[in-house]
Amino acid sequence: MENKHKLVIIVGSVRDGRFGPVVASWVADQAHAHGGFDVEVVDLAEVEIPLALPAESPKYAGDGYPRPAGMAALTSALEGADAFVIVTPEYNHSYPASLKAAIDWHFTQWTAKPVAFVSYGGAAGGRHAVLHLENVLTELHAVTIRDGLAFPNYFTGWQDGRPLDSGAAGYAKTLLDQLSWWAGALRTAREVAPYPA
Ligand SMILES: Cc1cc2nc3c(=O)[nH]c(=O)nc-3n(C[C@H](O)[C@H](O)[C@H](O)COP(=O)(O)O)c2cc1C
């Protein structure tokens, strides 16, 4: 496909022994198979993300925002992205602090771009985490995608790096189709006129 959209898949968990990279790797495989994206996986465990933010908000600071050197690759990936998939577990009925910190260090990089979610966890499959993320990303003027993928009780539902649910690849295709549509529509819109944030 010509003119592929730049897709950034974010691994939201950073703890020792995490499952997140397994899910992200499978999502990346689905995105490659879809064919509409140039795919980059960004692992927050490899990014320097201090909890203490600078005095000014990134919403107003522009390119001069004083981020740490170890965050540059993340910032550049977010900046260049046409679309995102956030891979998140559920921690205490929300999403991990690593993800919140990574989001809060940026602002314009999310604006007028589509975000889809792939979650996993216990019985709720990360449902609470995604609800919270949708709320937060709306503040950043991102557009959240209706169809998501949720993997409840992932510890019994995955084997050899892939979900046992034979329908999962089909659900991923639907998610990626919607994400691709929004990525194209919003990229055109951003090119035609600056978003009035
Ligand atoms: C601090 C913490 C809180 C958790 N809270 C929840 C929860 O509220 N709901 C849930 O379904 N699973 C919860 N879990 C289980 C996680 O979903 C599970 O451990 C998952 O593997 C975490 O993702 P990760 O391995 O990528 O870090 C929690 C795990 C941790 C470490």
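Remarks
- Matching entry among SER119, SER98 (being in contact with an Asp or Glu (Cβ under 8 Å, 6 or more places away or on another chain), among the hydroxyl-bearing types (Ser, Thr, Tyr), under 30 Å from ASN153 (Cα atoms) and within 16 Å of the ligand (Cβ to nearest atom)): SER119
- Filter result for the condition that a residue is more than 11 Å from the ligand (Cβ to nearest atom) and either buried (at least 18 other Cβ atoms within 10 Å of the Cβ) or within 24 Å of VAL130 (Cα to Cα) (or both), over PRO58, PRO66: PRO58
- Here segment 1-42 is the region considered, the condition is being part of a loop (DSSP other than H, G, I, E, B) and within 16 Å of the ligand (Cβ to nearest atom), and the residue that is nearest to GLN178 (Cα to Cα) is GLY12.
- Qualifying residues in segment 73-95 (those that are within 16 Å of the ligand (Cβ to nearest atom) and among the β-branched types (Val, Ile, Thr)) - the one farthest from the chain's Cα centre (by Cα): THR88
- Per-region count, segment 137-162, residues in contact with a Leu (Cβ under 9 Å, 6 or more places away or on another chain) and surrounded by 14 or more Cβ atoms within 10 Å (Cβ to Cβ): 8
- Search result, residues across segment 129-149 that are within 14 Å of the ligand (Cβ to nearest atom) and either farther than 14 Å from GLY12 by Cβ or among the aromatic types (Phe, Trp, Tyr) (or both): LEU131
Readers should treat all values here as calculations from the given coordinates under stated rules, not as data from a laboratory. No experiment lies behind these values; they were computed from the predicted model shown. Using ideal geometry, Cβ is built from the backbone for each residue, glycine included, and neighbour counts are taken over all protein chains shown.
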